[in-house]
Structures are given as structure tokens and as C-alpha cells.
1. Equivalent-ellipsoid semi-axes (√(5λ), Cα gyration tensor) for region B:80-187, whole Å, largest first?
2. Per the helix-only calculation at 222 nm, which mean residue ellipticity applies to chain A, given -39500 (n - 2.57) for every DSSP H run of n ≥ 4 and division by its residues, nearest 500 deg cm²/dmol?
3. Which semi-axis lengths, in whole Å and largest first, follow from the square roots of five times the eigenvalues of the Cα gyration tensor of region B:87-137?
4. Can you give the relative contact order of region A:50-160 as a percent, counting alpha carbon pairs under 8 Å and 6+ residues apart?
5. Under a crude label model (7 Å from the Cα following the beta-carbon direction), how far is residue A:120 from residue B:151 in nanometres?
6. Could you give the length gained on full extension between residue A:144 and residue A:158, defined as 0.36 nm per residue of separation minus the Cα-Cα distance, in nm?
7. Rg and Dmax in Å for chain B, alpha carbons only: what are they?
8. Considering chain B as a Gaussian network with a 10 Å cut-off on Cα pairs, which listed residue, B:27, B:79, B:41, attains the greatest mean-square fluctuation?
């Protein structure tokens, strides 16, 4: 049985990432679920941010930010950075997270993240409650502990990535198959 | 230890949704991971599609599409719709999916999906390999089996939603906490 609801945000599961940003001697962390990959080549992603958030002007004025993936071990810190404002606290300290110097951008990355995507803003679009920043990925910082030393393969599935769905955080479940498994010929 | 990689798409986990579309007497299904919520109010989302895909012109010409959430039970059908073209087959039939008549849009939804988001395109932006369609959600179709009959609460966490991460599909793992849990006072 189906029923119709009034229009709303029910696209889940989504990532819940820590966005780091810096400008004019201040930096901050912001938790964002309104994010996603928008283009394969050039590699581009977006984040949508409410203009009243403290991080908004840091991102707008610097034209840079870093998307830091989050894990089950970071659930509490991620939630904390989503409900508190950095206007009058050092969220890194309060959430127990460590600044990692930026490589291709000025703002620091989150050392505890398995993957950090350094981004430069290409456009900003006001949509309503949120402004959408579309940005190009200019550098990727990865944790080498997820790399198989012999094959060089990166095992992101061992990072314990977290997702966000309809008001709840979840850890990654069991694998269901690799891209293309439905048409793979049996040997 | 950290290392730097050349720019790439490493924002995960992402949803893997079935996008349904129709125009001029043809309809199709397309699997998309480059999707996300871009605005809370009005409720808006995006999908990015390669212009060479068969579905691209159906979406561009109709200005409509439906985002259908996918579950672990739909993993094979979802993967199949992502690797095969609908130009010369009926993907619904081949993937074992059922058309549900559209309510606020012409194109059908996927009956097997727990949630379908009917959308109208508001803008299209070419970015490189992909064109980004930003769209407004105009109707939400939900499966009433996920509703608690006594409380009316919708238990999306019981749908078994699937996510996509770095080439692999995963089912939802255990819950880690609700939004705001990190600052909730103990009773």
C-alpha cells in the first residue's frame, strides 16, 4: 500500500561529513549531510549551508573548504559539530579532533578522518533555506593505514564509514556486491 | 600516516537510487549515486547524469523525474539498471521492477521502493562528464508498511536501505545514535 506525503527531504542514506573551513585567522568545523558528488571529471562535489551558520561566511570569503569523511568512531564528534556553533568555541578542542595542515587549501583537514577532500568553490547558488556551493576537488588526503602494503589497494570498506538517514546515524553494514555484479558471468 | 592523491571522487557512502523518467511514449530507469539533498525548504535534490545516457534526453525534454530509494532486496535490480542501457530493452521487465503510476509527474515510480520522490527540474548545469539537474520535490510516495499503525511514525530504518561506497553496495548497519545525541542530557 502506498500513500502520498507533502513534498519533503526523504533522500537517504546520505553521508554525514565534517566540513572544515578557515578565513581571517578563524577556522571551524561544520557537519553536513546535504553533500554529494556532482561530476566525475573534473571531480566536483557540493555542500549546502544555511547562510546564518558561522561557517558560511568563512567558506564564502575564503572560497575553500575541506570535506572530511566520518566513521562510527567519530559519531559523537560529528553530531556535536552539527548541533553546536563555532562562533564562541573551538570545536576541534571540544569535539576532540585534530587539525591537519591543509595541502592545496589554507584550511586544516581533520586528522581522524580516513579521507579528506580539499575543495575550491566554483559557484554559489541560493536555493531557499540553503546556499549550494559547487566546488572542485583539488587534493585528496588519505590515511595510509587503509592501504594494503603489498597490493597498494585502498580498502575504504575497512574505515567503518558512517551514514545518516532520517535523523539517525548508522554504521556501514555488510557488502551486497560490487558495481556490475548483476551482469558478471560466472566462471 | 597520510598521503596525497590526485583529485578524485572519494565522497562516500552515497545513496544508490533508481531514477525513473519518461517522455514521448518511452520510459526508463537509471541508477544514480551522484545525487543528494541540496535544500531543506523548498525541498530540493539533484541528480547528475552523463548526456550520452539514454535517460538524459527523457529527463531534459520532460523536465521531470522520480528518485526511488533502494533496499538490500533491490541490490541486483539496482546494479543491473546502472550497467545496462534502456535504449533497446524494457529495464523494468528485465530487472523485475513494477511501474507505479506517477501522481504529480507523468513518469512512473518504482513500486518496490519504500520511498519515491517525484521531482520537477528547476535548472540544468553542464559540469564536465555530467550535467547536474537541480529539482524540486513535488510529491513523496511512501510504503505504508513502514508506518506504525498506532503512532503514525514512519520507520525508514526498517526498510533496509542500501548505500554505495567506492565501487561496492552495502546494506545499512547498526544505529549509532540520533541527531543531537552528543549533547542530550541524561535523565
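1. Taking √(5λ) for each eigenvalue gives 30, 20, 18 Å, largest first.
2. Taken over chain A, the calculation gives -3000 deg cm²/dmol.
3. 24, 17, 9
4. With pairs under 8 Å counted, the relative contact order is 25 percent.
5. It works out to 4.9 nm between the two label points.
6. Gain in length upon complete extension: 3.8 nm.
7. 17.6, 61
8. In the Gaussian network model the winner is B:41.
Each value in this text was obtained by applying a stated rule to the coordinates, not by laboratory testing. Owing to the predicted nature of the structure, the values given are computational and were not obtained by experimental measurement. Virtual Cβ from ideal backbone geometry, glycine too; neighbours counted across all protein chains shown.
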